[in-house]
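So the structure is just underneath, and the comments pick up after that.
The values are calculated or read from the model by the stated rules, or taken from the named source; none is laboratory data. Keep in mind the model is a prediction, meaning the values are calculated, not measured. So basically every Cβ, Gly included, is an ideal-geometry build from the backbone, and we count neighbours across all protein chains shown.
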Amino acid sequence: MPANRFNGFTEYGTGIGLRIPHYAHIFEKKPVVDWFEIISENYMVDGGRPLATLDLILERYRVVQHGVSMYFGSAEPLNREHLRRLKALVKRTKTPWLTDHLCWGSVDGAYSHDLLPMPYTFEAAKHTARKVRQARDYLEVPIAVENVSSYAEFHCSEMTEWEFLNEVVERADCGILLDVNNIYVSSKNHNFDPYEYLNSVPGERVAQIHIAGHSKFTKYILDTHDHPVIDPVWKLYEHAIRRIGPTATLLEWDDRIPSFDEMHAEARKAEKYNHAPVAAAS
Amino acid sequence: MMLLELQQRMMKAVMQPLTSSNRIAPKTPAGRPMRIEVSKFITPNDRLTAIERLEIYSRSYWFRVLESLNDDFPGLRAVLGKRAFDRLSRAYLADCPSQSFTLRNLGSRLEGWLRRNPRYAGSRQALALDMVRLEWAHIEAFDSVAEKVLGPEDLLELGPSFRAGLQPYIRLLALEYPVDELRIHVNQASEEHGTASNAVLKQKHRNLTRRVRRLKRERIYLAVHRFNSIVYCRRIAAEEYGLLNALREGQPIGMAIQTGFKNSSVTSDEERSMLEKWFAAWAELGWLCPPERVKKEKVTE
């Protein structure tokens, strides 16, 4: 959907992640970029250079916040200090929507700093949805949850990943940050059809799409965000756009970061597909 | 299995230290085979066993936190050497896993932990502690809050009963070794890492090792602060250190000056000249701020 209540009724185009190695280029050349995605946690500080730099970016560019440690799926309650800092940042950036992952990563106060996979159970879906609602009510901004890449599955799962995603977003009445690379990675790691996953996603809830590169190992694929997007992922992206309609799209590139121009050019390949007319959901 | 129990069991397995060859430990802390423990909650697939699947997460966790500590404490690594630093990092992270949503705070308990576990620094314990304190101060000074700077109009009433606070991002350190200079050399060496040849890098590494070995005890006082978003270390006199600490504690300026110069042997002329110089520098660097807000900050810390 081009604009919906899960992305603040915006029509953002193609964005890229704001990364430190590109700061000098951005401030000197002032390139035209539809929007930047920032990692919220990098700016949830009290002062200093991170906030000074962010303020300079905000003078010129639109910014959307993407979090990596809200851990909606962790059994423990939301971290109040995290929420307080996040809300201060939301006020600063005026992000039209906010995203984080459908995963867990902390328990009993210890943090893994990783996106650990959920058991696909009704208990977990109910609990996760409750936390998404609590965060949205406190932060007063639409929230979209992102499907993660995973490398493990649990005996206790009661449904597929896409059924779990639907269960959570329906219960929470929240948006989806659809990561087509993550669908591809998990489909290879867990032997499922990525198109079956894509076709089950409620298009009207998709606030944003992520694309990225990954690394292939002998027995599994790792979501490393250190390569260009591969053709099968572009095909999935094309399919998603056909089903959902033009959608704000973001290229993730977090390691072995290329030049700004190279990264931006890779992201803008999405525009070839992102103007496609909406077709009936297949 | 309930959600909480599953997450506790998985986290325990993920966070258990890796073997020396960076593989998942074959046994749990209770001595049970790890493959049996993990297979109780993770399923295998046609290519990977349950424990191999968990190992992807375990290795990823350990590599991430070790890299983070390595990035935050390059000076400590130079003091201890690569192997000892790696040993220390693994032991510290096993005892003090992250308790924060941000990796920025990963090293926050390192000083206290190292004091309780001196064997990881051996004969270089005092030097290592000084470096840890300096490197943690760098992190704090980088992004801690800045209060409104006291301007000339605020200083019109300057007198013995005037109270001024110290910017919360400033860290004051009394150290036994000149680790500030060592840290500069470490930074220079790491900056050249991407451009220099292997031979040059080896030579630089040898020079750094020699510099650590030859470092002599020398009492120094530092203010780790930031200016235009860049972190600096400023050597300060013992009296200046005492005075600034007294201001931070909320003493009025007259009393803070007395505290600062309590054990000093300088003459009153010298004292006046030092004070003039310091206040001018503090004003230029924006170090002084209104005291009330600072007190509130201390309460909420």
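Structure data summary
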quantity	calculated
Lone qualifier among B:G107, B:G122 - being on the phi > 0 side of the Ramachandran plot and touching a residue at least 24 places away in the same chain (Cβ under 8 Å)	B:G122
Among the residues listed as B:E239, B:E270, the single one being buried (at least 17 other Cβ atoms within 10 Å of the Cβ) and either in a helix (DSSP H, G or I) or at positive phi (or both)	B:E239
Identity of the residue in region B:103-134, over 14 Å from B:L69 (Cβ atoms) and outside any helix (DSSP H, G or I), that ends up farthest from the other protein chains (Cβ to nearest Cβ)	B:A121
Residue that is surrounded by the most Cβ atoms within 10 Å (Cβ to Cβ) [pool: residues in region B:202-216 that are part of a helix (DSSP H, G or I) and either at pLDDT below 75 or of a type in the set (K, R) (or both)]	B:K204
Candidates B:E218, B:E181, B:E191 - the one that is farther than 24 Å from B:A121 by Cβ and among the acidic types (D, E)	B:E191
Qualifying residue in region A:121-141 (condition: crowded, with 24+ Cβ neighbours inside 10 Å, within 7 Å of another protein chain (Cβ to nearest Cβ) and modelled with pLDDT of 95 or more)	yes
Extreme residue, nearest to the other protein chains (Cβ to nearest Cβ), among residues of region B:153-163 that are outside any helix (DSSP H, G or I) and in contact (Cβ under 8 Å) with a residue 24 or more places away in the chain	B:R163
Answer residue from region B:55-75, given it is at the interface with chain A (Cβ under 8 Å from one of its Cβ atoms) and closer than 13 Å to B:M10 by Cα and is surrounded by the fewest Cβ atoms within 10 Å (Cβ to Cβ) among those	B:I56
Which listed residue, of B:L48, B:L54, is outside any helix (DSSP H, G or I) and out of contact with any Pro (no Cβ under 9 Å at 6 or more places or on another chain)	B:L48
Per-region count, region A:184-219, residues touching a Phe, Trp or Tyr at 6+ places or on another chain (Cβ under 6 Å) and within 14 Å of chain B (Cβ to nearest Cβ)	1
Residue list for region A:125-171, filter: within 27 Å of A:D193 (Cα to Cα), touching a residue at least 40 places away in the same chain (Cβ under 8 Å) and among the polar types (S, T, N, Q)	A:T128, A:N147, A:S149, A:S150, A:T160
Enumeration of residues in region A:60-77 that are more than 9 Å from every other protein chain (Cβ to nearest Cβ) and more than 20 Å from A:F6 (Cβ to Cβ)	A:R60, A:Y61, A:P77
Output for region B:207-244, where each listed residue is within 14 Å of another protein chain (Cβ to nearest Cβ) and among the hydrophobic types (A, V, I, L, M, F, W, C)	B:V224, B:F227, B:I230, B:V231
Yes/no for A:S40 being under 28 Å from A:E158 (Cβ atoms) and small (G, A, S)	no
Residues satisfying the stated conditions in region A:1-50, i.e. surrounded by 19 or more Cβ atoms within 10 Å (Cβ to Cβ), hydrophobic (A, V, I, L, M, F, W, C) and part of a helix (DSSP H, G or I)	A:I26
Residue within region B:42-54 that is over 25 Å from A:A75 (Cβ atoms), crowded, with 19+ Cβ neighbours inside 10 Å and either in contact (Cβ under 8 Å) with a residue 60 or more places away in the chain or of a type in the set (S, T, N, Q) (or both) present	no
Residue check for B:A137: within 14 Å of another protein chain (Cβ to nearest Cβ), in a loop (DSSP other than H, G, I, E, B), surrounded by 16 or more Cβ atoms within 10 Å (Cβ to Cβ) and not aromatic (F, W, Y)	no
Unmet requirement for A:T224, which otherwise passes all of (1) among the polar types (S, T, N, Q); (2) assigned to a helix (DSSP H, G or I); (3) closer than 22 Å to A:D114 by Cβ	(2)
Identity of the residue in region B:22-46, within 7 Å of another protein chain (Cβ to nearest Cβ) and β-branched (V, I, T), that ends up nearest to B:R59 (Cα to Cα)	B:I42
Residue in region A:96-114 that is farthest from A:Y12 (Cα to Cα), counting only those that are away from every other protein chain (no Cβ under 12 Å) and buried (at least 23 other Cβ atoms within 10 Å of the Cβ)	A:L102
Pick from region B:1-21, criterion in a loop (DSSP other than H, G, I, E, B) and surrounded by 13 or more Cβ atoms within 10 Å (Cβ to Cβ), ranking: nearest to the other protein chains (Cβ to nearest Cβ)	B:M1
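Every residue, every condition in (1) of a type in the set (A, V, I, L, M); (2) modelled with pLDDT under 95, yes or no:
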{"position": "A:N181", "(1), (2)": "no, no"}
{"position": "A:N199", "(1), (2)": "no, no"}
{"position": "A:A207", "(1), (2)": "yes, no"}
{"position": "A:L250", "(1), (2)": "yes, no"}
{"position": "A:M263", "(1), (2)": "yes, no"}
{"position": "A:A280", "(1), (2)": "yes, yes"}
